[in-house]
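A short worksheet on the structure shown next.
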Ligand code: PXL
């Protein structure tokens with residue numbers, strides 16, 4: 001049967017991961033299976049595989065803007081996500097776009113450090129992220145180390161994650177999904193702060209050798225489900241289910257274990 005009607009268009013403003021597991025590549029692979037049409041504005045070219053980032057080449061902010069504007073002129077963008085933004089001038093460019101464009105769903109994945117340890121956001125750009133982008137986000141999706149930097153609090157427990165989700169909501173007026181994967185335990189708790197309340201999403205921890213790209217994939221899936229019309233809490237629940245299946249059904253690729261973007265949920 002031929003699908004009917006319009007397909008929602010989504011935009012990723014993020015970096016390229018030559019290893020194919022994270023960044024723009026993860027976003028497009030996620031979106032291909034979820035029934036949305038993915039478009040991109042590349043912020044950085046990175047040379048990397050899951051073990052190392054060996055080079056980062058930022059794209060000039062005017063070229064980032066030109067990509068965004070070309071997509072905007074061509075398509076009605078239902079939802080946008082940001083990933084690796086790297087520098088304050090790129091963040092300023094994206095923040096201005098958020099301010100002017102009024103796209104209904106704006107997901108900010110505050111990417112700072114790769115799982116391999118490489119720095120994906122210059123320390124000097126954290127202020128621009130907080131002051132210019134977060135106030136214009138609908139939802140921000142930090143992991144534990146990112147939430148610690150955003151809130152200035154050490155996070156060790158589920159109660160700490162709830163506290164962080166509350167702080168983010170009240171400080172920047174956006175919803176928050178604080179992902180608890182870095183906190184040890186056989187279950188993974190993600191805390192959603194929305195409308196002044198917090199909710200807990202729980203999944204069984206998958207014993208895996210590699211988690212490279214899980215953050216990008218979660219925020220991409222969240223963006224897709226928002227574009228498809230799900231309310232935020234439901235969209236986050238479905239996005240978590242997507243990442244869990246992609247981890248649980250991972251297949252080896254050489255010595256690596258990339259996410260299975262075509263996993264059955
Ligand atoms: O997962 C964060 C991330 C985002 N964007 C790019 C990356 C990574 C992690 O490696 O490479 C381009």
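Any read-out appearing in this document is the output of simple, stated calculations on the displayed coordinates, not a laboratory observation. For clarity, every value in this text was computed on a predicted model and none was experimentally measured. So basically every Cβ, Gly included, is an ideal-geometry build from the backbone, and we count neighbours across all protein chains shown.
Which pairs have Cβ atoms under 6 Å, sit 6 or more apart or on different chains, and link a residue in the stretch 13-35 that is closer than 17 Å to residue 225 by Cα to one that is within 8 Å of the ligand (Cβ to nearest atom) and in a helix (DSSP H, G or I)?
Cβ pairs passing all conditions: 26/216.
Between 226, 222, 230, 259, which is crowded, with 18+ Cβ neighbours inside 10 Å and not in a helix (DSSP H, G or I)? Before the answer, list the steps.
On the way: 226 fails: not in a helix (DSSP H, G or I); 222 fails: not in a helix (DSSP H, G or I); 230 fails: crowded, with 18+ Cβ neighbours inside 10 Å.
Testing whether each residue is crowded, with 18+ Cβ neighbours inside 10 Å and not in a helix (DSSP H, G or I) leaves just 259.
Of everything in the stretch 41-96 that's more than 21 Å from residue 114 (Cα to Cα) and in a strand (DSSP E or B), which residue is nearest to the ligand (Cβ to nearest atom)?
80
I'm checking my understanding of the structure. Among residues of the stretch 17-40 that are part of a strand (DSSP E or B) and within 12 Å of the ligand (Cβ to nearest atom), which one is surrounded by the most Cβ atoms within 10 Å (Cβ to Cβ)? Quick ask: steps written out before the conclusion?
First, the residues of the stretch 17-40 that are part of a strand (DSSP E or B): 17, 37-40.
Then keep just the ones that are within 12 Å of the ligand (Cβ to nearest atom); that gives 17, 40.
Values: 17: 27, 40: 20.
Among them, the one singled out is 17.
Which condition number in (1) over 23 Å from residue 225 (Cα atoms); (2) assigned to a loop (DSSP other than H, G, I, E, B) is the one that residue 164 fails?
(2)
Among the numbered criteria (1) within 17 Å of the chain's Cα centre (by Cα); (2) away from the ligand (no atom under 16 Å from the Cβ); (3) part of a loop (DSSP other than H, G, I, E, B), which single criterion is violated by residue 154?
Status for residue 154: all satisfied but (1).
For the stretch 190-203, which positions are more than 10 Å from residue 240 (Cα to Cα) and in contact with a strand residue (DSSP E or B) (Cβ under 7 Å, 6 or more places away or on another chain)? If you could, list the steps in order and put the result at the bottom.
Our first condition is that a residue be more than 10 Å from residue 240 (Cα to Cα); within the stretch 190-203, this holds for 191-200.
Passing the criteria: 191, 192, 193, 194, 198, 199, 200.
Can you pull out every residue in the stretch 105-137 that is closer than 19 Å to residue 218 by Cα and surrounded by fewer than 18 Cβ atoms within 10 Å (Cβ to Cβ)?
113, 115, 116
When you check residue 251 against the structure, is it without any contact (Cβ under 8 Å) to a residue 12 or more places away in the chain and either outside any loop (DSSP other than H, G, I, E, B) or surrounded by fewer than 16 Cβ atoms within 10 Å (Cβ to Cβ) (or both), yes or no?
Values: without any contact (Cβ under 8 Å) to a residue 12 or more places away in the chain: yes; either outside any loop (DSSP other than H, G, I, E, B) or surrounded by fewer than 16 Cβ atoms within 10 Å (Cβ to Cβ) (or both): yes.
In short, yes.
Restricting the search to the stretch 1-16, which residues are more than 12 Å from the chain's Cα centre (by Cα), under 20 Å from residue 94 (Cα atoms) and either within 13 Å of the ligand (Cβ to nearest atom) or part of a loop (DSSP other than H, G, I, E, B) (or both)?
16
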